[in-house]
1. Just checking: which of the strands (runs of 3 or more DSSP E) contained wholly in the range B:24-143 hold 1 or more residues that are among the acidic types (Asp, Glu)?
2. Which of the residues belonging to the range A:10-34 are among the charged types (D, E, K, R) and within 22 Å of A:GLN80 (Cβ to Cβ)?
3. Out of all the residues in the range B:242-257, which are of a type in the set (D, E, K, R) and without any contact (Cβ under 8 Å) to a residue 40 or more places away in the chain?
4. Taking B:ASP123 and the conditions (1) touching a Ser or Thr at 6+ places or on another chain (Cβ under 7 Å); (2) at pLDDT below 95, which numbered condition does it fall short on, given that it satisfies the others?
5. Of the conditions (1) within 14 Å of chain B (Cβ to nearest Cβ); (2) assigned to a loop (DSSP other than H, G, I, E, B); (3) crowded, with 20+ Cβ neighbours inside 10 Å, A:PRO59 satisfies every one except a single condition; which number is it?
6. Is one or more of the residues making up the range B:225-244 surrounded by fewer than 20 Cβ atoms within 10 Å (Cβ to Cβ), away from chain A (no Cβ under 14 Å) and within 21 Å of B:VAL20 (Cα to Cα)?
7. Take the range A:75-92 and flag every residue that is surrounded by 17 or more Cβ atoms within 10 Å (Cβ to Cβ) and either outside any loop (DSSP other than H, G, I, E, B) or in contact with a Gly (Cβ under 8 Å, 6 or more places away or on another chain) (or both).
8. Inside the range A:95-107, can you point out the residues that are closer than 21 Å to A:GLY43 by Cα and either more than 14 Å from chain B (Cβ to nearest Cβ) or part of a strand (DSSP E or B) (or both)?
Amino acid sequence: MMTDSRFFRRENGTYDTVCLQIDGVQTHARATDTVAAALLAFGPAPTRTTGISQSPRTPFCMMGACFDCLVTIDGRPNQQACMITVQDGMCITHQAGFRPLEEPHDG
Amino acid sequence: MEQGNTDTTIIGGGVVGLSVAFGLLKAGQSVTVLDGENADLRASQGNFGLTWLQGKGAHFAPYARWTKHAINLWPAFAQELQDMTGIDLAFQATGGYEFFTDNAEFDAFTADLAAQAKTLGDDFRYQTLTGDALRAALPGIGEQIVGATFCPHDGHVNPLRVLQALRVAVQRLGGVIIPNWKVHSISPHASGFKVHHATHAPRLTPHLILCAGLGSADLAPMLGFRTAIRPQKGELMITERIQDRLPFVSSTVRQVDEGGIQIGGTKADVGPDDRETTSKMKSLAQHAIAVWPTLKDVNVVRSWGALRVMTPDGYPVYARAPEMPAAQMITCHSGITLAPAHASTLVDWILNTQNAPDLKAFDDDRF
């Protein structure tokens, strides 16, 4: 786990953990995390850039409204990280701009 | 108190009314545009944004010629509005395709284009392509497409920015647009016409132009017009924005300038009902995937219905009221395509100048 995130986990109780890959870095998250929570806990880096102004974004509203948390999950672009629960082995990557028309299909 | 002292009052602040207003203002007239309510059935806010010639007037030569005239004017019109307002209309004369999944429909449309070419002569160019020839030209077209036609005169535009730019341009030229002034009725008056609102004081005007789209259905008979105007529903959807550019524009699938892919083209006569339906959304999605199979993974982010403004024969009406020549009606279902003609050539007809075009074929007396 990276330590320069602005978010700190409350160390209350014990949780199952899952393994994830975020932009090629192996990490872990709580099994109950949304992908957005896992990304915020992982670090402060932008998780996408916008399509028009290439402005950096991280998850923001955490409730499916703002679409700032769009990332590519297991090769599928434009996924709302705050609406998806982490899965063991998930591969999450930064999304640069608008999605491509065709999905890479590389899992 | 009665108000109103401009040369011309235009009823309807959509693309048709504002195009006419823009043209009249450039001709030195003073113009007031009465716009309706936000919730009115506004074709100008729901349409597909094509500047389209192929197939238009295949069996009615005056309409083929009038549409061709408007298409010829589009590049300069887009530039003029853009220069005046700073709003980019995203007009592109890319040429456009019609795609067919049914051989009989393909053959029928090919015959239509042959008829249109006979009318327009050397001014009109088009191609027909078999499915395989199309796939060779545009790899990525689906196997279900049996044929296509291509017309280099066709193109597309951002229709909401056309509306916005016309609003800005009209006001910049001194035109007055009055919102939320839904005309309830019209009556003749000694000095022209009295235009009534349900609650506001009526307005007087010496010259009236009815451009109210579906609103003209109720207002036209008050001026003695015979044209029966009816709504025809079209349903549309748009996908999330895509980084790549689709390599074609068609009448049913086009990528808007912001990146989303707009899919449309349904027709239904269901009265004043502009709600989208699941069944039509399903058929639109299936059609889009038949045309370009890689669209199957793309998310749709918005869908809507809108109502076309249809005359009984589908062609425009440009007419003076039978007993009241200072009242004119202008209605059509291709307000975007025809906008440049409405803002220029039609103004000569409205003002009856020596350059007035012969628009007898579009008179209201054909009904």
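1. Details: elements: B:31-34, B:96-100, B:127-130.
Once the strands (runs of 3 or more DSSP E) in the range B:24-143 are filtered for at least 1 residues that are among the acidic types (Asp, Glu), what remains is B:96-100.
2. First pass over the range A:10-34, keeping only residues among the charged types (D, E, K, R): A:10-11, A:16, A:23, A:30, A:33.
Once the filter is applied, which keeps residues that are among the charged types (D, E, K, R) and within 22 Å of A:GLN80 (Cβ to Cβ), the range A:10-34 yields A:ASP23, A:ARG30, A:ASP33.
3. Within the range B:242-257, the first condition is being of a type in the set (D, E, K, R), and the residues that meet it are B:244-245, B:254, B:257.
Hits for the range B:242-257 are B:ASP244, B:ARG245.
4. B:ASP123 satisfies every listed condition except (1).
5. With respect to (1) within 14 Å of chain B (Cβ to nearest Cβ); (2) assigned to a loop (DSSP other than H, G, I, E, B); (3) crowded, with 20+ Cβ neighbours inside 10 Å, A:PRO59 is out only on (1).
6. no
7. Those that are surrounded by 17 or more Cβ atoms within 10 Å (Cβ to Cβ) and either outside any loop (DSSP other than H, G, I, E, B) or in contact with a Gly (Cβ under 8 Å, 6 or more places away or on another chain) (or both): A:PRO77, A:ASN78, A:GLN79, A:GLN80, A:ALA81, A:CYS82, A:MET90, A:ILE92.
8. So the first thing to find is which residues in the range A:95-107 are closer than 21 Å to A:GLY43 by Cα, and the list is A:95-97.
The answer is A:GLN95, A:ALA96.
The values are calculated or read from the model by the stated rules, or taken from the named source; none is laboratory data. The shown structure was predicted, so the numbers you read here are calculated from the model rather than taken from an experiment. Neighbour counts run over all protein chains shown; Cβ positions are idealised from the backbone, glycine included.
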